Amino acid sequence: MTKQRIPMTQRGHDKLTETLQHLKTTRREQISEYMGSAIADGDLRESAAYDEARMQQSENEGRIIEIEHQLERAVIVAEDSTGAIGLGAKVTLKDEKGAERRFELVGTYEVDVLKGKISDASPIGVALAGKHAGDVVELQGPKGKTVFTVVSVDYD
């Protein structure tokens, strides 16, 4: 069985690698110190601190395995040299009322809505793929159809 490839920007790959390194070094050390402190306190059968440390260790190791699998399957997608919207593009859209929205189109594992990073697999990501500045895009949403104009596309 082949594993599905994960399209990712270089920035996203670098951030994931940095997170993995942090979990393997700094976080493991913190948990180890916490666990050592709990062990030094005595009876482990009823030690909430020891149970907490073991739970943190388990979560950390699970996250390390998850990130390693993501990085193994990652495919770095190069930016589009034609100026079309693709993975890694920073896009400014204007709606019919003149309100502008700016976001970055990223791979599924890089999504962070609070930082304006939306998935290329989301409805708006799919609708924008391949579009250029000046193009008009219609998107059917829960409140009806919305029309956007692509104001700018840049990769920086």
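Odds and ends about this structure:
- Placing a label point 7 Å from the Cα of Glu33 along the Cα-to-Cβ direction, the residues of segment 51-68 with a backbone N closer than 20 Å are 51-61.
- Close amide-amide hydrogen proximity is noted between Ser119 and Val106, each under 5 Å apart and 5 or more residues distant or on a separate chain (H modeled in the peptide plane; Pro and chain starts excluded).
- The relative contact order of the chain comes to 23 percent, based on Cα pairs under 8 Å that sit 6 or more residues apart.
- Here the Karplus curve 6.51 cos²θ - 1.76 cosθ + 1.60, taken at θ = phi - 60°, turns the phi angles of segment 128-135 into couplings of 8, 3, x, 6, 10, 4, x, 6 Hz, with x standing for Gly and Pro.
- Here Glu46 and Thr19 are evaluated by their C-beta separation; at R0 = 30 Å the FRET efficiency comes out at 0.30.
- Percent carbon-and-sulfur accessible area, the chain, ignoring ligands, DNA and RNA, probe 1.4 Å: 51
- Build a GNM of the chain with springs between Cα atoms under 10 Å apart, and of Arg11, Arg28, Arg45 the one that fluctuates most is Arg45.
- Solvent-accessible area per residue in the chain equals 64 Å², computed with a 1.4 angstrom probe and all protein chains kept.
- The amide H of Ala133, built 1.01 Å from its N in the peptide plane, has Val153 as neighbours under 5 Å, considering only residues 5 or more places off or on other chains.
- If you sort the three axes of the alpha carbon gyration tensor as a ≥ b ≥ c, you get a/c of 1.5 or more for segment 53-112 and a/b no higher than b/c, which makes it oblate.
- Gaussian network model of the chain, Cα within-10 Å springs - most flexible of Thr82, Thr108, Thr17: Thr82
- Measuring nothing but how far apart in sequence close Cα pairs (under 8 Å, 6+ apart) lie, relative to its length, segment 53-139 scores a relative contact order of 20 percent.
The values are calculated or read from the model by the stated rules, or taken from the named source; none is laboratory data. Computed from a predicted structure; not experimentally measured. Ideal geometry is used to build each Cβ from the backbone, glycine not excepted, and the neighbour counts take in all protein chains shown. Only protein heavy atoms, including side chains, enter the accessible area calculation; ligands, DNA and RNA are left aside. Shrake-Rupley method; radii C 1.70, N 1.55, O 1.52, S 1.80 Å.
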